[in-house]
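Have a look at the structure below before the remarks.
Where a number appears in this text, it was derived from the coordinates with a stated rule and is not lab data. This is a predicted model, so every value here is computed, not measured. Please note: Cβ atoms are built from the backbone with ideal geometry, for glycine as well, and neighbour counts cover all protein chains shown.
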Amino acid sequence: MTDPSEGAEIEASKAPLLEHLIELRTRLLRCFVYFIVAFGIAFSQAGRVFDFLVQPLVQASGSGARLIYTKLYDAFLVEIRVAAFAGFCLAFPFIANELWRFVAPGLYKREQRALLPFLLATPVLFTMGAALAYYFVMPAAFKFFLGFQQTGGMGGVNREALPAMGEYLDLVTSMILAFGVAFLLPVLLMLLERAGIITRRQLIDGRRYAIVAAVVVAAVITPPDLWSQIALAIPLILLYEISIIGIWFTEKRRARIETPAA
């Protein structure tokens, strides 16, 4: 049952559509400023950021990585893209805060409290997924791919891996984003359950399909080697099970709150 004081609070916070649009424009402008400032900071350190991103390849090669660029402006464009990627990561907490401050007045206090754990869990889970990709999956996958190099051979043809800077950046950032977003599965499932779209029983009954879906997703968004696919599929399955346990706890908590005191 809705608390009358919460309803009055929502009514008091209502504003004409024009005021909402003006506030949205202001907050979007602030988000843009945050990104530009973060982009400037990241661009000044773009070389170091790229050196950090290239470490999985250095680990895999064992004798130093070699990246090439075939157009004179390619290296500059890579630094621009590195700065954009790093700048967005730096600015994201401030951007998320602006979006939350725009949405929060339209929510009841209990809804704000219910969403807060999800907001806090999102960057933690994303960072865990990105770290798994960077520190474990990419070095092993790159070592596998570099194993196809060959000096001489039956045909006397050398095979040497000469990845381009831009292509390497695309691969690394896509893997980091893919693993980071995939690790947000518990947040997504618990929000869907909170909204009444799915139930814990449906998740339990659909476990076998979830396992198949995890394997398919891992095969699609990771490089075509078995290690990368397993390294993503297994955490996805575990996160699915964790989501079921988390929903069980939230159901128990809601039942205690909704049950009137004797």
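Provide, as a two-decimal number, the C-alpha radius of gyration of the chain over 2.2 N^0.38 Å, N being how many residues it has. Display every interim value, and only then the final one.
Values: Rg = 23.6 Å, N = 262, 2.2 N^0.38 = 18.3 Å.
In units of the 2.2 N^0.38 Å rule of thumb, it is 1.29.
For the chain, with a Gaussian network of springs between Cα atoms less than 10 Å apart, report the residue from Pro224, Pro56, Pro16 with the top mean-square fluctuation. Among Pro224, Pro56, Pro16, the largest mean-square fluctuation in the Gaussian network model of the chain belongs to Pro16.
Treating segment 1-127 as a set of equal point scatterers at the Cα positions, no solvent, please give the Debye-formula log₁₀ I(q)/I(0) at q = 0.13, 0.15, 0.16, 0.18 Å⁻¹. Calculated log10 I(q)/I(0) at the listed q: -0.75, -0.87, -0.94, -1.06. Between the exposed loop cleavage positions of the chain, defined as trypsin sites (Lys or Arg not before Pro) in a non-H, G, I, E, B DSSP state with at most 13 neighbouring beta-carbon atoms within 10 angstrom, the longest gap is 72-262.
Computed from Cα atoms, the angle from the helix 4-13 axis to the main principal axis of the chain rounds to 60 degrees.
Would you kindly give the portion of the calculated P(r) for segment 101-156 that falls above 12 Å, as a percent of all Cα pairs?
On the way: 1179 of 1540 pairs.
It works out to 77 percent of all Cα pairs.
Across segment 162-168, computed HN-Hα scalar couplings (Karplus, 6.51 cos²θ - 1.76 cosθ + 1.60, θ = phi - 60°) run 10, x, 7, 4, x, 5, 5 Hz from first to last residue, x flagging Gly and Pro. When the Gaussian network model of the chain links Cα atoms closer than 10 Å, the mean-square fluctuations of Gly147, Gly196, Gly106 top out at Gly196.
Neighbour counts of C-beta atoms inside 10 Å place Trp248, Trp227 in the sequence Trp248, Trp227, starting with the fewest. For segment 126-142, 3J(HN,Hα) computed residue by residue from phi via the Karplus equation (6.51, -1.76, 1.60; θ = phi - 60°) reads 4, 5, 4, x, 5, 5, 4, 5, 6, 8, 10, 6, 4, x, 5, 5, 5 Hz, glycine and proline entered as x. Largest GNM mean-square fluctuation across Ile22, Ile198, Ile221, computed for the chain with C-alpha springs under 10 Å, falls on Ile22. Near the amide H of Ala164, under 5 Å away, which other amide H atoms are found, from residues 5 or more places off or on another chain, if H is placed in the peptide plane? Amide H neighbours of Ala164, under 5 Å, 5+ apart: Ile68. Applied to segment 199-213, the Karplus parametrisation 6.51 cos²θ - 1.76 cosθ + 1.60 on θ = phi - 60° returns per-residue 3J(HN,Hα) values of 10, 5, 4, 5, 5, 5, 5, x, 4, 5, 6, 5, 5, 4, 5 Hz, with x for Gly and Pro.
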